[in-house]
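Undergrad: Input: one structure, supplied below.
The values are calculated or read from the model by the stated rules, or taken from the named source; none is laboratory data. Computed from a predicted model, the values in this text were never measured in an experiment. Counting neighbours? That spans all protein chains shown, and the Cβs are built from the backbone with ideal geometry, glycine included.
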């Protein structure tokens, strides 16, 4: 992956992480970023990658967020 492509993926990741960050308890941002980026590099869409990162955070890192009425179910995991 060249530097420009990596830059674009990091920017995209940061934008998508913002929604998780807004409702999540304290956590290592790098964990969410790694899960999101791995999913994107394996062909997932941005929405699929966000869902995968949310699942990773819940299942592996035990970081849970409560879903609010205006959030999509795939973007967060209920505790």
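Undergrad: For the stretch 30-46: of the residues being surrounded by fewer than 16 Cβ atoms within 10 Å (Cβ to Cβ) and in contact with a helix residue (DSSP H, G or I) (Cβ under 7 Å, 6 or more places away or on another chain), which is farthest from residue 15 (Cα to Cα)?
TA: If we take residues in the stretch 30-46 being surrounded by fewer than 16 Cβ atoms within 10 Å (Cβ to Cβ) and in contact with a helix residue (DSSP H, G or I) (Cβ under 7 Å, 6 or more places away or on another chain), then 31 is farthest from residue 15 (Cα to Cα).
Undergrad: Considering only the stretch 1-29, state which residues are in a helix (DSSP H, G or I) and either surrounded by 16 or more Cβ atoms within 10 Å (Cβ to Cβ) or within 10 Å of the chain's Cα centre (by Cα) (or both).
TA: Once the filter is applied, which keeps residues that are in a helix (DSSP H, G or I) and either surrounded by 16 or more Cβ atoms within 10 Å (Cβ to Cβ) or within 10 Å of the chain's Cα centre (by Cα) (or both), the stretch 1-29 yields 9, 13, 14, 15, 16, 17, 18, 19, 20, 21, 29.
Undergrad: Test residue 76 against the criterion of being modelled with pLDDT under 95, surrounded by 15 or more Cβ atoms within 10 Å (Cβ to Cβ) and in contact with a helix residue (DSSP H, G or I) (Cβ under 9 Å, 6 or more places away or on another chain), and give yes or no.
TA: It is true that residue 76 is modelled with pLDDT under 95, surrounded by 15 or more Cβ atoms within 10 Å (Cβ to Cβ) and in contact with a helix residue (DSSP H, G or I) (Cβ under 9 Å, 6 or more places away or on another chain).
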